[in-house]
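The values are calculated or read from the model by the stated rules, or taken from the named source; none is laboratory data. Note that the structure is a prediction, hence the values are computed from the model and not measured. Every residue, glycine among them, receives a Cβ derived from its backbone with ideal geometry; neighbour counts consider all protein chains shown.
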């Protein structure tokens, strides 16, 4: 077996991410933009709102008409009429005057504020008493207060959540320029691996990694492209890798659990044109036997065969590269959950250990309970809510330590 | 304007959720199961793995053959051959014997453990030295250790993440019974509201809520069905509500920002057959003017018109009902992010205040910076990473308090 010749820290591996380029762009309808990443800045064609807008049901007034008003000493206001929704008011307000207005209504000329209906009493059709004073601008969203049409409403490289989609609607964007979803080729290897629809014979096991990695790619905003299982055979592997590199933006090969296969991957990479191995081994556990190469500008990953190891490597190492391909300008802001470790955890120095944890709510705080188990057991990931990292220079963590949990 | 006649606490509203029934089920291919909710327990057709499996590259041995082995006093083992991947070994191991085995390989009869290749030296084709002892079962995943075919591998009402999809693959499930995605009807109201593809005239504003609520429904695993904008007209509203209730599993109407529209919603609900208003007003801010009704077994929501209010009500109140329709057995375990409040926040007693916050990493902890702004400003939600709740009986929170952030 060839040794890993260049074991790299996580930071060292992630430093390669900016050297890969985002994928191209495409245009999608507004209704399909959720989760996509903006390919350009967004401007509104109008100010939002494009008029001074009431935020309450009440009366549009000049604030000065209410100054000094109180329960004991109400202001008497002359009601000029009712503001109709969705049209420009055909009346104007002077001192001592008011117009009925509903939430969302357009303030008439002369009015600068709204007094809530709860703070008034109707005396007759044409007169109200106001018990409170209002300040200029009170209960009003001013023209352009939400978004000004002269400034970007949203900027390139923003991931679209429901609220960004709402803002795009407000801006009148029916078609949105976004980065297309990066296509990620997924190859499984191993003479012992059989497809899901086969009953495994003695010594055989169904392909798990194609499914877990496809799921992780999808969840991260990419499009998985499944290239199936390759036998531990140099030529087949070469062929499959070539095709995957042609058709996708990034390739992940997992497994090569047998000694030969791991060597084959390196041999194939050595033989491919315009290809360089950047990383061969990462100082993490699980996940040490990971390879990163660049082939014709595309990232090519050799991931470990164990289901847990491959998922962990994807979550902590591959994901930032995929974010980069997705057009996100920097690593996605991911805020970890804080939890209290439920037991002591030993760890080897010189590598970062990722430990699967289950989160349990316990009297006012969240406990992280380590799930110990071999990295070949997919069911340990099913039990897990997240991962905690035990740093390079740490011999372990004590029970009661506050830890940061990367959600799974 | 009719007053809210039955202002209810959040807990009071959520207590209605279990009285709504999950939607029906359907069968989807494995490749499309991500995010779906299992409609039944899952069993594997075989034990996983179905044989004793090596987790290392090395030699399959009887552990007893290595007892007492050390650098100074290695055990000499007779190599019987190499285990081929994916087939049943054609050799057996006796005391003092070993067989080369790769990660994932099937242990031959007689072997109970694997010694790592790193802890051996090859003397000749047929002999190795072992420098360490191994325990029985070491570096082996035993038959059925991941999943036993006699016990459920996954249980009904589990949401499928990448790891559950991997386990389904291991179990041989190519078609999965899941709850179908609940269809959620979305109606916007307001004479001032115009569709996204129209340039708003004076006093008009584009429909934001259809987009934000559709996004929230999608993100929660539902299928939004857009019924467009209804003018503030009782008959149109009645018609649209009827159609939406016929075609969907839950209906959300937002807006009715004008006084009339809010009353119309109540009138329509009163007029619909088999319909009862359960909640009319919730003691939260923003979001107080929320209506929940049951119509023919379906939940019908009247949400506030302001974009922020409608989103907050969806996130904290509607979402648990949708989770229930999705087939999740209990409220989804959502672990909040803990952060430190960056400034004092005042709050009214007698209601729960939800405050938008931006999260900022600051020397070792996460700061939650309140985003103050009217609930009509969608751009405040774009700036926000999450919400914090200030409880009913709290007058406010002090700067430096640890708060729990509900991600947005």
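Does segment B:95-103 contain at least one residue that is farther than 23 Å from residue A:191 by Cβ, away from every other protein chain (no Cβ under 14 Å), free of Cβ contacts under 8 Å to residues at least 40 places away in the same chain and assigned to a strand (DSSP E or B)? Break it down stepwise before answering.
If we filter segment B:95-103 for residues that are farther than 23 Å from residue A:191 by Cβ, which is where we start, we get B:95-97.
With the extra rule that they be away from every other protein chain (no Cβ under 14 Å), the set shrinks to B:95-97.
With free of Cβ contacts under 8 Å to residues at least 40 places away in the same chain added as a condition, the list becomes B:95-97.
If we keep only those that are assigned to a strand (DSSP E or B) too, we end up with B:97.
Looking through segment B:95-103, at least one residue is farther than 23 Å from residue A:191 by Cβ, away from every other protein chain (no Cβ under 14 Å), free of Cβ contacts under 8 Å to residues at least 40 places away in the same chain and assigned to a strand (DSSP E or B).
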Filter segment B:348-374 for residues that are away from chain A (no Cβ under 11 Å) and farther than 18 Å from residue B:396 by Cβ; the one that is surrounded by the most Cβ atoms within 10 Å (Cβ to Cβ) is B:362
Please verify whether segment B:257-278 includes one or more residues that are farther than 30 Å from residue A:117 by Cα and crowded, with 21+ Cβ neighbours inside 10 Å.
-> no
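Return yes or no: is residue A:50 at pLDDT below 95 and buried (at least 18 other Cβ atoms within 10 Å of the Cβ)? Don't jump to the end; show me each part of the working.
Details: at pLDDT below 95: no; buried (at least 18 other Cβ atoms within 10 Å of the Cβ): yes.
Considered against the rule, which asks whether it is at pLDDT below 95 and buried (at least 18 other Cβ atoms within 10 Å of the Cβ), residue A:50 comes out as no.
Just to confirm my filter: which helices (runs of 4 or more DSSP H) fall fully inside segment B:300-408 and include at least 1 residues that are touching a strand residue (DSSP E or B) at 6+ places or on another chain (Cβ under 6 Å) and assigned by TED's automatic domain parsing to the domain that holds residue B:186? Full working, then the answer.
Details: elements: B:307-313, B:319-325, B:379-383.
Correct list: B:307-313, B:319-325.
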Surrounded by fewer than 17 Cβ atoms within 10 Å (Cβ to Cβ) and at positive phi, is that true of residue B:296?
-> yes
In segment A:55-81, residues that are modelled with pLDDT under 95 and over 17 Å from residue A:131 (Cβ atoms) total 1
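Can you confirm whether segment B:322-334 contains a residue that is more than 30 Å from residue B:158 (Cα to Cα) and free of Cβ contacts under 8 Å to residues at least 60 places away in the same chain? Even if it seems obvious, please write down each step before you answer.
Filtering segment B:322-334 for residues more than 30 Å from residue B:158 (Cα to Cα) gives none.
Taking every residue of segment B:322-334 in turn, none turns out to be more than 30 Å from residue B:158 (Cα to Cα) and free of Cβ contacts under 8 Å to residues at least 60 places away in the same chain.
Return the only residue of B:156, B:161 being more than 10 Å from chain A (Cβ to nearest Cβ) and under 30 Å from residue B:220 (Cβ atoms). Break it down into steps so the answer makes sense when it comes.
Working: B:161 fails: more than 10 Å from chain A (Cβ to nearest Cβ).
Of B:156, B:161, the one residue that is more than 10 Å from chain A (Cβ to nearest Cβ) and under 30 Å from residue B:220 (Cβ atoms) is B:156.
Residues to consider are B:184, B:79, B:178; find the one that is touching a strand residue (DSSP E or B) at 6+ places or on another chain (Cβ under 9 Å), away from chain A (no Cβ under 11 Å), surrounded by fewer than 21 Cβ atoms within 10 Å (Cβ to Cβ) and assigned to a strand (DSSP E or B). It would help to see each step written out before you state the result.
Values: B:184 fails: surrounded by fewer than 21 Cβ atoms within 10 Å (Cβ to Cβ); B:178 fails: surrounded by fewer than 21 Cβ atoms within 10 Å (Cβ to Cβ).
Answer to the selection: B:79.
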Can you pull out the residues in segment A:17-63 that are away from chain B (no Cβ under 12 Å) and without any contact (Cβ under 8 Å) to a residue 24 or more places away in the chain?
-> none
Lone unmet requirement of (1) buried (at least 21 other Cβ atoms within 10 Å of the Cβ); (2) touching a strand residue (DSSP E or B) at 6+ places or on another chain (Cβ under 6 Å) for residue A:216 | (2)
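Answer yes if at least one residue in segment B:104-116 is away from every other protein chain (no Cβ under 14 Å) and either surrounded by fewer than 21 Cβ atoms within 10 Å (Cβ to Cβ) or under 20 Å from residue B:173 (Cα atoms) (or both), and no otherwise. Write out each step before concluding.
Within segment B:104-116, the first condition is being away from every other protein chain (no Cβ under 14 Å), and the residues that meet it are B:110, B:112, B:115.
From what's left, either surrounded by fewer than 21 Cβ atoms within 10 Å (Cβ to Cβ) or under 20 Å from residue B:173 (Cα atoms) (or both): B:110, B:112.
There is at least one residue in segment B:104-116 that is away from every other protein chain (no Cβ under 14 Å) and either surrounded by fewer than 21 Cβ atoms within 10 Å (Cβ to Cβ) or under 20 Å from residue B:173 (Cα atoms) (or both).
Matching residues to (1) surrounded by 24 or more Cβ atoms within 10 Å (Cβ to Cβ); (2) within 14 Å of chain B (Cβ to nearest Cβ):
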site: A:305; (1), (2): yes, yes
site: A:319; (1), (2): no, yes
site: A:327; (1), (2): yes, no
site: A:335; (1), (2): no, yes
site: A:339; (1), (2): yes, yes
Subset of segment A:190-205, residues touching a residue at least 12 places away in the same chain (Cβ under 8 Å), more than 7 Å from every other protein chain (Cβ to nearest Cβ) and outside any strand (DSSP E or B), comes to A:195
Residues of segment B:206-239 being more than 9 Å from chain A (Cβ to nearest Cβ), without any contact (Cβ under 8 Å) to a residue 40 or more places away in the chain and assigned to a loop (DSSP other than H, G, I, E, B), in sequence order, are B:233
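Determine which member of the set B:230, B:251, B:266 is at pLDDT 95 or above and touching a strand residue (DSSP E or B) at 6+ places or on another chain (Cβ under 9 Å). Reasoning before the result, please.
Working: B:230 fails: at pLDDT 95 or above; B:266 fails: at pLDDT 95 or above.
Among B:230, B:251, B:266, only B:251 is at pLDDT 95 or above and touching a strand residue (DSSP E or B) at 6+ places or on another chain (Cβ under 9 Å).
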